[in-house]
Amino acid sequence: QQALWAQLKDEPTFTADGEQIELVGNIGTPNDVTGVLNNGGEGVGLYRTEFLYMGKSELPSEDEQFEAYKSVLEQMGDKPVVVRTLDVGGDKELPYLDLPKEMNPFLGFRAIRFCLENEHVFRPQLRALLRASVYGNLKIMFPMIATLEEFRKAKAILLEEKENLKQEGHSVSDDIEVGIMVEIPSTAVIAKQFAKEVDFFSVGTNDLVQYTMAADRMNEQVSYLYQPYHPAILNLVNNVIEAAHSEGKWAGMCGEMAGDPIAIPILLGLGLDEFSMSATSILPARTQLKNISKKEMASYKDKLLSMSTAEEVVAFVKEKTE
Ligand code: PEP
Ligand code: MG
């Protein structure tokens, strides 16, 4: 097994029927890049930037952020790097921001909602990203997008800062893709409308599952409802992928589901383009994909989408991939 993984480390990812898939890693700090590269990652599909803001007493400066983003981009060379803008709130608190305690933090003032109302926090991050963009293949992703207005506002601020930087004499890349995380059901449902405006989607199943099933991802007592293989989730994911493809865009996934050996064949059949996972899952996933046919999995798509329970889905996938 180890020997096979070592052999596959520097190879692209192909399915048994010769379809190419992109396998990339999730990171939290520039130090994590080594792990992604050593495990054969073809890029970074999710850089959670929260860690830059955590464990300190004040906001990180624009320059401090610039150095971190530049380091990740330089280490990755021309491989794609998807950086997610700040996703505070929910389970991720920042003491120095002095945010009010909420009854339902996961449904509250977090991520893009917070950033759009706190431009003194949002703009420096965008400026740092734009300045770093010339050092690699940067893609910018906004978290927790629930409406098109939020995306349009965030993108407008990004474009404003791009102009500002140019006026100040900085160089900024002209081909930065700008996409969103799909982790709120409203966005998954009207993915078709979003697909006309975004450059890509990345499905955040950790949150999408909790919001779709109305089951807090941290609450043990309702964890039986936290069902990534539930047909409702599969239908939402399928909707996102179809919407992306109908507009010539790509769809990825950066929630835990993307690295799960039971989910991988299903997602392959639905047509997912990019799978982003923890570094140690990359080579097992590449090995697994080598042995499954995309065409075969795609032929089960309608059947899977019309199933009634997660249990049925799992039993079917196990039977077909044994
Ligand atoms: C997700 O929600 O699936 C995701 C990748 O984001 P996080 O786990 O950081 O909320
Ligand atoms: Mg999330």
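Picking from Ala215, Ala146, which residue would you name as being under 20 Å from Met257 (Cα atoms), in contact with a Ser or Thr (Cβ under 8 Å, 6 or more places away or on another chain) and part of a loop (DSSP other than H, G, I, E, B)? Reasoning before the result, please.
Values: Ala146 fails: under 20 Å from Met257 (Cα atoms).
It is Ala215.
What is the one condition in (1) aliphatic (A, V, I, L, M); (2) closer than 18 Å to Val240 by Cα; (3) within 19 Å of the chain's Cα centre (by Cα) that Leu138 does not satisfy?
Leu138 satisfies every listed condition except (2).
Which strands (runs of 3 or more DSSP E) does segment 1-110 wholly contain that include 2 or more residues that are within 16 Å of ligand 1 (Cβ to nearest atom) and in contact with a Ser or Thr (Cβ under 6 Å, 6 or more places away or on another chain)? Step through it out loud before you land on a result.
Details: elements: 20-27, 44-48, 80-84.
Result: 20-27, 44-48.
Considering each residue of segment 170-203, count those that are within 16 Å of ligand 2 (Cβ to nearest atom) and part of a loop (DSSP other than H, G, I, E, B), and give that number.
Residues flagged as within 16 Å of ligand 2 (Cβ to nearest atom) and part of a loop (DSSP other than H, G, I, E, B) within segment 170-203 amount to 2.
On the basis of being aromatic (Phe, Trp, Tyr), within 16 Å of ligand 2 (Cβ to nearest atom) and part of a helix (DSSP H, G or I), does Tyr224 make the cut?
Working: aromatic (Phe, Trp, Tyr): yes; within 16 Å of ligand 2 (Cβ to nearest atom): no; part of a helix (DSSP H, G or I): yes.
No; evaluated as a whole, the condition is false for this residue.
Report whether or not Thr49 is farther than 29 Å from Pro284 by Cβ, within 16 Å of ligand 2 (Cβ to nearest atom), modelled with pLDDT of 95 or more and not hydrophobic (A, V, I, L, M, F, W, C).
Values: farther than 29 Å from Pro284 by Cβ: no; within 16 Å of ligand 2 (Cβ to nearest atom): yes; modelled with pLDDT of 95 or more: yes; not hydrophobic (A, V, I, L, M, F, W, C): yes.
No, not satisfied.
Quick test for you: out of Leu129, Leu159, pick the one residue that is more than 16 Å from ligand 2 (Cβ to nearest atom), under 18 Å from the mean Cα position of the chain (by Cα) and more than 29 Å from Leu236 (Cα to Cα).
Numbers: Leu159 fails: under 18 Å from the mean Cα position of the chain (by Cα).
Unique residue meeting the criteria: Leu129.
Just checking, does segment 276-294 include any residue being assigned to a helix (DSSP H, G or I), within 22 Å of Ala315 (Cβ to Cβ), away from ligand 2 (no atom under 15 Å from the Cβ) and of a type in the set (Lys, Arg)?
Yes; the residues of segment 276-294 include at least one that is assigned to a helix (DSSP H, G or I), within 22 Å of Ala315 (Cβ to Cβ), away from ligand 2 (no atom under 15 Å from the Cβ) and of a type in the set (Lys, Arg).
Quick grid of which residues meet (1) aliphatic (A, V, I, L, M); (2) in contact (Cβ under 8 Å) with a residue 24 or more places away in the chain:
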{"residue": "Gln2", "(1), (2)": "no, no"}
{"residue": "Phe14", "(1), (2)": "no, yes"}
{"residue": "Val24", "(1), (2)": "yes, yes"}
{"residue": "Ile27", "(1), (2)": "yes, yes"}
{"residue": "Leu59", "(1), (2)": "yes, yes"}
{"residue": "Asp87", "(1), (2)": "no, yes"}
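Looking at Leu86, Leu73, Leu46 in this structure, which one is surrounded by 18 or more Cβ atoms within 10 Å (Cβ to Cβ) and out of contact with any Gly (no Cβ under 9 Å at 6 or more places or on another chain)? Quick ask: steps written out before the conclusion?
On the way: Leu73 fails: out of contact with any Gly (no Cβ under 9 Å at 6 or more places or on another chain); Leu46 fails: out of contact with any Gly (no Cβ under 9 Å at 6 or more places or on another chain).
Being surrounded by 18 or more Cβ atoms within 10 Å (Cβ to Cβ) and out of contact with any Gly (no Cβ under 9 Å at 6 or more places or on another chain) holds for just one of Leu86, Leu73, Leu46, which is Leu86.
So which of Ser171, Ser202, Ser186 is within 16 Å of ligand 1 (Cβ to nearest atom) and exposed (fewer than 15 other Cβ atoms within 10 Å of the Cβ)? Steps first, answer last, please.
Values: Ser171 fails: within 16 Å of ligand 1 (Cβ to nearest atom); Ser202 fails: exposed (fewer than 15 other Cβ atoms within 10 Å of the Cβ).
The match here is Ser186.
Taking into account only those residues within segment 77-119 that are acidic (Asp, Glu) and within 12 Å of ligand 2 (Cβ to nearest atom), which is nearest to Ile180 (Cα to Cα)?
First, the residues of segment 77-119 that are acidic (Asp, Glu): 78, 87, 91, 93, 98, 102, 117, 119.
Pick out the ones that are also within 12 Å of ligand 2 (Cβ to nearest atom) and you get 87, 91.
On the way: Asp87: 12, Asp91: 20 Å.
Only one residue fits best here, namely Asp87.
Considering (1) outside any loop (DSSP other than H, G, I, E, B); (2) touching a residue at least 40 places away in the same chain (Cβ under 8 Å); (3) within 16 Å of ligand 2 (Cβ to nearest atom), say which one Ala244 fails and leave the rest.
Failing condition for Ala244: (3).
Are there any pairs with C-beta distances below 6 angstrom linking a residue in segment 207-234 that is within 16 Å of Pro105 (Cβ to Cβ) and within 12 Å of ligand 1 (Cβ to nearest atom) to a residue that is at pLDDT 95 or above and not in a loop (DSSP other than H, G, I, E, B), with the two at least 6 apart or on different chains, and if so which?
Tyr211/Pro185; Arg217/Gln210
For segment 27-38, does any single residue satisfy the condition of being of a type outside the set (Lys, Arg), surrounded by fewer than 17 Cβ atoms within 10 Å (Cβ to Cβ), farther than 22 Å from Ile140 by Cα and over 15 Å from the mean Cα position of the chain (by Cα)?
Yes, segment 27-38 contains a residue that is of a type outside the set (Lys, Arg), surrounded by fewer than 17 Cβ atoms within 10 Å (Cβ to Cβ), farther than 22 Å from Ile140 by Cα and over 15 Å from the mean Cα position of the chain (by Cα).
Is one or more of the residues making up segment 145-155 away from ligand 2 (no atom under 15 Å from the Cβ), more than 16 Å from Tyr47 (Cβ to Cβ) and among the polar types (S, T, N, Q)?
yes
The values are calculated or read from the model by the stated rules, or taken from the named source; none is laboratory data. Predicted, not measured: the structure shown is a model, and the values here were computed from it. Methodologically, a virtual Cβ is constructed for each residue, glycine included, from the backbone with ideal geometry; neighbour enumeration extends over all protein chains shown.
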